[in-house]
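Only one structure is covered here, and it is reproduced in the block below.
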Amino acid sequence: MLYEESSQAIKWQLSSQAELNSLRERANRRARDVLSREESDPAKAAAGEDTVMADANESQPAESSKSSAAANNISLEAFGFAESRGDRTKTAGANQDDNHTLMTEDDPNYGPTKTSNARGSNALLSPSDETALLSFYCSKIPLLIGPHAMLPRCKRDAKVAATASLLFRRFYLSNSVMMHDPKTMLAAAAFLAAKVEDCMLDVRYLEMGTKEMNAPVPVNDILDAEIKLIKGVDFDLLVFSPYKTILSITEDLRTYLKSERGRGLVKWNKVGQQQRQLVGEDLRPTHDKAMKLTDDVIISDIPLMYAPGEVGMASLIVANEDVCKESNDNGGEEGGDKTESPEIDIMGYVRSRFEDTDESGVVVDSAAIDAVVDRVTRLSQLVRELREGKHGCGNYDIDMAELKGLNKKLKKCRAWGSSSDSKKEKKKRKRKDAEE
């Protein structure tokens, strides 16, 4: 299947930051409306009080999530993406709107800001609060599954972490962290991604992996969350990742840059270095650096708005810039790294490689190439900005004090879990986990 024909391109690839923010605001508003709703029927209110008393006397700790939701008459069912988004028309070039900000409480259409009186009248999370929490939790997925997993038994190919991250972010396009535990959902995303990518692992290893990360999630919770995750992504599990794109483009560059048309796209920057023909190993540093950059991209918002091919191309552009800079800096020092890294005009490669060609019955004209170059150029800047912690990348510039405050705020307003656990019960659970 071609990417252009896939659901990822037709359905999931958003047209702009404004559309992404709009979806998050809608999911956040729906959760705030539910959690702030007062019980209007006295009979239902009395029934709710009876339920609370019954649950307090009879329920077990493992059932605390279900009893808490039942006591407040709140459904914890996941919303599908299609029903939340509705029909929308994709507009070309909409990605120009990169400065769109999320709605704040100052907006007259913001809606409720506190939970109902029955739930303690606590402050609710704003869209920006949820976005910060999602970025943090999504950044932990590669530590649970993938080549950088903390538990050796959970080490898998990088594409599994990419799939898990995208499924996680897709789910929260139509759902809120106030209604669904992000810690449990990231473990479910890892488990589901392993199945999707045919890299199965025992769910008990994921439970062990979450304990290794000091954020234990029981097996039963992972399995329950997996069902909600599948529903939240509309049972659509097809995911394309940028890693194969980087490998494919690198292989094509190795061949094309040796041709008569491609030689002019390679430049050796070292002083006194004679221009020579490129060999395959010359591209290894750029390839490896691009793979590392993509590790940051997959946990950000970028895959929701750009195609894997564009992400791979942009990663190679930024990687080649970094490798050339490092090579020049190190090469000028005594005892520095003498590895030669050529500067490659990758945008020139795109124009030269595909202009006036006919592949698979599709004629690529200059206008289409200009559009690709424009999008990839803008995307390259976004990739550079990931190092500043922008665009949802939780690997850099993390304000732990702010995150702790948001987590405390979430615990007071959430619909899932139990908000009435005593300190003694928490200590007992920690002691039991330590003994196991």
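The values are calculated or read from the model by the stated rules, or taken from the named source; none is laboratory data. Being a predicted model, the structure only gives us computed values, none of them experimental. Reconstructed Cβ throughout: ideal geometry from the backbone, glycine too, with neighbour counts over all protein chains shown. Each accessible area value is taken on the protein alone, full model and side chains, heavy atoms only, with ligands, DNA and RNA left out. Shrake-Rupley method; radii C 1.70, N 1.55, O 1.52, S 1.80 Å.
Of the residues screened, L253 is not one that is buried (at least 17 other Cβ atoms within 10 Å of the Cβ), hydrophobic (A, V, I, L, M, F, W, C) and at pLDDT 95 or above. E105 meets all of the listed conditions (1) in a loop (DSSP other than H, G, I, E, B); (2) modelled with pLDDT under 85 but one, namely (2). Hey, can you tell me all the residues within the stretch 198-216 that are touching a Lys or Arg at 6+ places or on another chain (Cβ under 6 Å) and at pLDDT below 95? Answer for the stretch 198-216, where residues must be touching a Lys or Arg at 6+ places or on another chain (Cβ under 6 Å) and at pLDDT below 95: C199, A215. Contact map, the stretch 388-408: first residue among the hydroxyl-bearing types (S, T, Y), second residue open to solvent by 50 Å² or more (accessible area, probe 1.4 Å), Cβ cut-off under 9 Å, separation 6 or more or different chains; pairs are Y396/R387; Y396/E388; Y396/K390.
Among residues of the stretch 1-16 that are within 17 Å of D234 (Cβ to Cβ), those with a beta-carbon under 7 Å from a residue that is open to solvent by less than 10 Å² (accessible area, probe 1.4 Å) and not aliphatic (A, V, I, L, M) at least six positions away or on a different chain give the pairs W12/R170. Across the stretch 105-121, the number of residues qualifying as under 10 Å from S36 (Cβ atoms) and in contact (Cβ under 8 Å) with a residue 60 or more places away in the chain comes to 8.
Residues in the stretch 375-387 that are in contact (Cβ under 8 Å) with a residue 40 or more places away in the chain and of a type in the set (D, E, K, R): R375, R378, R384, R387. The criterion of at least 1 residues that are surrounded by 16 or more Cβ atoms within 10 Å (Cβ to Cβ) and modelled with pLDDT of 90 or more is met by the following helices (runs of 4 or more DSSP H) wholly inside the stretch 318-436: 346-354, 366-385, 400-413.
Considering the stretch 256-265 alone, what residues qualify as being in a helix (DSSP H, G or I) and crowded, with 19+ Cβ neighbours inside 10 Å? Don't jump to the end; show me each part of the working.
Step one: of the stretch 256-265, the residues in a helix (DSSP H, G or I) are 256, 263-265.
Residue satisfying the conditions is L265 alone.
The residues in the stretch 209-249 that are open to solvent by 70 Å² or more (accessible area, probe 1.4 Å) and assigned to a loop (DSSP other than H, G, I, E, B) can be counted, and the count is 2.
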